[in-house]
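Let me begin by presenting the structure, written as structure tokens, before commenting on it.
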Amino acid sequence: MSSKRIVVTGASRGIGRAIVERLTPEHSVLATARSVEALSELSLKTGCKTYAFDLESSDYSGFRESIEQNLGGIDLLIHNAGLLINKPFIDLNHSEILRQYQVNVFSLFEMVQSFDSLLSRDAHIVALGSIGGMIGSVKFPGLSAYSSSKGALAVLVECLQEEYKERNWAFNCLALGAVQTEMLNEAFPGYKAPIQPSEMAEFICNFSLSSHKVLKGKVLPISLSNP
Ligand SMILES: NC(=O)c1ccc[n+]([C@@H]2O[C@H](COP(=O)([O-])OP(=O)(O)OC[C@H]3O[C@@H](n4cnc5c(N)ncnc54)[C@H](OP(=O)(O)O)[C@@H]3O)[C@@H](O)[C@H]2O)c1
């Protein structure tokens, strides 16, 4: 397979970090998250390029410039970054609800609008959703903001596929079940997931690198368990 130019969000830990470790050095990867230290360490280990960025920012121009300088364009964007606010519905305040949606959903609006002209002819945009964001799945108390944001992300992916139907791009959403990461531990302390980040990263990378020619605008449940 020829080398691709890949942007991975949420690369400082968990599944995103494992994705970067799996994609390098074969592909050119720009890894992003807020944690400068974790990104530097990942760069030393894998040779990936990094750009420290907060997806809650109102200005994505620096992020775009970094992609232009480091990759020159995008063949694959994996929007893996996620925020999980675990709080009873009645206690959620306005800024928490906004943050939840800004990191998980609004950031995809911002990235596609900002990076539009950098996306290559066959670009694949993969968003990491959640099984809890699928209609009809089991829901859990405390996760109303998180799960509803992942539901919105899934529908946004379907909308983008329609919006860009004249282009050759593919937008897909992988709705993950439980993976053993810090996020899972924060939401379900003590719960043991059947999947490790490296195992899920292997699947996500294989899917992201090869499925865009046959799957477009899909929301796919990738779950052995929920949570
Ligand atoms: N683990 C699971 O069981 C599970 C299940 C279903 C879906 N998912 C989804 O899979 C994805 C990865 O999950 P994970 O478990 O690996 O999560 P994680 O360990 O909590 O990692 C989340 C990543 O997102 C980044 N991030 C958070 N807020 C950000 C912000 N404002 N700006 C930029 N980056 C930000 C974090 O980096 P910084 O803190 O350095 O910014 C971190 O690298 C998420 O979208 C999650 O919702 C996970």
*Has the range 36-58 got at least one residue that is touching a Phe, Trp or Tyr at 6+ places or on another chain (Cβ under 8 Å), in contact (Cβ under 8 Å) with a residue 40 or more places away in the chain and closer than 22 Å to GLU110 by Cα?*
no
*Scan the range 14-33 residue by residue and report those that are of a type outside the set (Lys, Arg) and under 13 Å from the mean Cα position of the chain (by Cα).*
GLY14, ILE15, GLY16, ALA18, ILE19, VAL20, ALA31, THR32, ALA33
_Looking at (1) at pLDDT below 95; (2) in a loop (DSSP other than H, G, I, E, B); (3) under 30 Å from SER2 (Cβ atoms); (4) not aliphatic (A, V, I, L, M), which one does HIS212 not meet, given that it meets all the others?_
(2)
*Just for the range 74-92: of the residues that are more than 10 Å from the ligand (Cβ to nearest atom) and surrounded by 14 or more Cβ atoms within 10 Å (Cβ to Cβ), which one is farthest from the chain's Cα centre (by Cα)?*
LEU92
*Filtering the range 105-161 down to residues that are of a type in the set (Ser, Thr, Tyr) and more than 13 Å from the ligand (Cβ to nearest atom), which residue is surrounded by the most Cβ atoms within 10 Å (Cβ to Cβ)?*
SER144
*Read through the list (1) under 14 Å from the mean Cα position of the chain (by Cα); (2) within 23 Å of SER12 (Cα to Cα); (3) among the β-branched types (Val, Ile, Thr), then give the number of the only condition that ILE195 fails.*
(1)
*Could you tell me whether PHE171 is within 14 Å of the ligand (Cβ to nearest atom) and either in a loop (DSSP other than H, G, I, E, B) or of a type in the set (Phe, Trp, Tyr) (or both)?*
no
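Yes/no matrix, rows are residues, columns are (1) surrounded by fewer than 16 Cβ atoms within 10 Å (Cβ to Cβ); (2) free of Cβ contacts under 8 Å to residues at least 40 places away in the same chain; (3) of a type outside the set (Phe, Trp, Tyr):
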{"position": "LYS165", "(1), (2), (3)": "yes, yes, yes"}
{"position": "LEU174", "(1), (2), (3)": "no, no, yes"}
{"position": "THR181", "(1), (2), (3)": "no, no, yes"}
{"position": "ASN185", "(1), (2), (3)": "yes, yes, yes"}
{"position": "ALA193", "(1), (2), (3)": "no, yes, yes"}
{"position": "SER198", "(1), (2), (3)": "yes, no, yes"}
{"position": "ASN206", "(1), (2), (3)": "yes, yes, yes"}
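How many residues are surrounded by fewer than 24 Cβ atoms within 10 Å (Cβ to Cβ) and either within 13 Å of the ligand (Cβ to nearest atom) or farther than 14 Å from ASP75 by Cα (or both) if we restrict to the range 1-17?
From the range 1-17, those surrounded by fewer than 24 Cβ atoms within 10 Å (Cβ to Cβ) are 1-5, 12-14; that's our starting set.
Of the ones still in play, those that are also either within 13 Å of the ligand (Cβ to nearest atom) or farther than 14 Å from ASP75 by Cα (or both) are 12-14.
Selection size over the range 1-17: 3.
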*Conditions: (1) within 14 Å of the ligand (Cβ to nearest atom); (2) in a helix (DSSP H, G or I); (3) surrounded by 22 or more Cβ atoms within 10 Å (Cβ to Cβ). ILE67 meets all but one. Number of the miss?*
(1)
*asked:* Can you tell me which of (1) modelled with pLDDT under 95; (2) among the aliphatic types (A, V, I, L, M); (3) within 10 Å of the ligand (Cβ to nearest atom) is the one LEU55 doesn't meet?
replied: (1)
_Tally, over the range 19-29, of residues that are surrounded by fewer than 24 Cβ atoms within 10 Å (Cβ to Cβ) and within 13 Å of the ligand (Cβ to nearest atom)_ = 1
*For the range 44-73, how many residues are within 18 Å of VAL20 (Cα to Cα) and more than 19 Å from the chain's Cα centre (by Cα)?*
5
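Here is a yes/no grid of residues against (1) over 25 Å from ALA18 (Cβ atoms); (2) touching a residue at least 24 places away in the same chain (Cβ under 8 Å); (3) in a helix (DSSP H, G or I):
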{"position": "LEU76", "(1), (2), (3)": "no, yes, no"}
{"position": "ASN86", "(1), (2), (3)": "no, yes, no"}
{"position": "SER107", "(1), (2), (3)": "no, yes, yes"}
{"position": "SER120", "(1), (2), (3)": "no, yes, no"}
{"position": "GLY136", "(1), (2), (3)": "yes, no, no"}
{"position": "LYS150", "(1), (2), (3)": "no, yes, yes"}
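The values are calculated or read from the model by the stated rules, or taken from the named source; none is laboratory data. Small disclaimer: the values here were computed from a predicted structure and weren't measured. All Cβ positions, even for glycine, are placed from backbone atoms using ideal geometry, and neighbour counts span all protein chains on display.
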